[in-house]
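Only one structure is covered here, and it is reproduced in the block below.
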Amino acid sequence: MEKYSSKNFRHLVRIYSTDLPGDFKIRIALTRIKGISHRTSGAILRAVGVDEDLRVGYLTSEMVEKIEEAMADLVATGVPEWMLNRQKDPETGESTQLLESDLLLQHRTDIDRMIRKRSWRGIRHSRALKVRGQRTKSTGRKSGSLGVSRKKE
């Protein structure tokens with residue numbers, strides 16, 4: 001049991017430019033990386049061969065490198081294409097997994113493209129209105145909810 005002794009424990013582990021707390025289970029901790037869901041983290045760990053219940057603080061540097069390599073190219077590790085978060089990119093036609101700042105930048109680029117095309121969703125985005133068909137009669141107001149005013153007695 002020397003492998004999991006307190007002297008081998010690290011309180012912070014850096015994976016893919018994100019600090020993960022050492023007392024979290026690895027499957028849960030990977031979801032703190034933007035672009036990784038619970039299902040994706042489980043698929044990564046199965047592909048790499050790391051126990052999902054292992055605490056992050058007990059990961060060796062070799063395990064961390066394997067996890068980062070798997071996250072860099074999920075298709076090569078055996079993750080199915082339907083599990084990726086960027087399927088059939090409009091510009092390249094490829095399916096990829098975007099993480100962290102790449103995901104945020106691509107999301108912003110997609111919104112800007114919709115605004116330039118003047119599509120319905122683009123117009124709603126440019127006017128800061130609800131985009132996905134929600135009601136706007138009583139919600140989505142800038143100054144709070146609409147209430148009933150009562151007369152002073």
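The values are calculated or read from the model by the stated rules, or taken from the named source; none is laboratory data. For clarity, every value in this text was computed on a predicted model and none was experimentally measured. Note: ideal-geometry Cβ built from the backbone for every residue, glycine included; neighbour counts use all protein chains shown. Accessible surface areas use protein heavy atoms only, side chains included; no ligands, DNA or RNA. Shrake-Rupley method; radii C 1.70, N 1.55, O 1.52, S 1.80 Å.
Values as computed for the structure displayed
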item: In the range 10-55, residue farthest from Leu105 (Cα to Cα) [restricted to those that are under 14 Å from the mean Cα position of the chain (by Cα) and part of a loop (DSSP other than H, G, I, E, B)]; result: Ser37
item: Residue pairs meeting the criteria (Cβ under 8 Å; at least 6 apart or on separate chains; first part of a helix (DSSP H, G or I), in the range 88-110; second open to solvent by 50 Å² or more (accessible area, probe 1.4 Å)); result: Glu100/Tyr16; Glu100/Ser17; Glu100/Lys34; Leu103/Lys34; Leu103/Asn85; Leu104/Lys34
item: Close pairs from the range 133-147: first open to solvent by less than 100 Å² (accessible area, probe 1.4 Å), partner among the hydrophobic types (A, V, I, L, M, F, W, C) and modelled with pLDDT under 75, Cβ under 8 Å, at least 6 apart; result: Ser138/Leu146
item: Exclusive hit being of a type in the set (D, E, K, R), more than 17 Å from the chain's Cα centre (by Cα), open to solvent by less than 40 Å² (accessible area, probe 1.4 Å) and within 30 Å of Ile67 (Cβ to Cβ), set Asp89, Asp110; result: Asp89
item: Residues satisfying the stated conditions in the range 92-118, i.e. among the small types (Gly, Ala, Ser) and at positive phi; result: Gly93
item: Unmet requirement for Ile115, which otherwise passes all of (1) free of Cβ contacts under 8 Å to residues at least 12 places away in the same chain; (2) assigned to a loop (DSSP other than H, G, I, E, B); result: (2)
item: Verdict on Lys130 being over 21 Å from Val13 (Cα atoms), loosely packed, with under 11 Cβ neighbours inside 10 Å and either of a type in the set (D, E, K, R) or touching a Phe, Trp or Tyr at 6+ places or on another chain (Cβ under 9 Å) (or both); result: no
item: Residue in the range 1-59 that is surrounded by the most Cβ atoms within 10 Å (Cβ to Cβ), counting only those that are hydrophobic (A, V, I, L, M, F, W, C), in contact (Cβ under 8 Å) with a residue 40 or more places away in the chain and closer than 20 Å to Leu98 by Cβ; result: Ile36
item: Lone unmet requirement of (1) open to solvent by less than 40 Å² (accessible area, probe 1.4 Å); (2) part of a loop (DSSP other than H, G, I, E, B) for Gly78; result: (1)
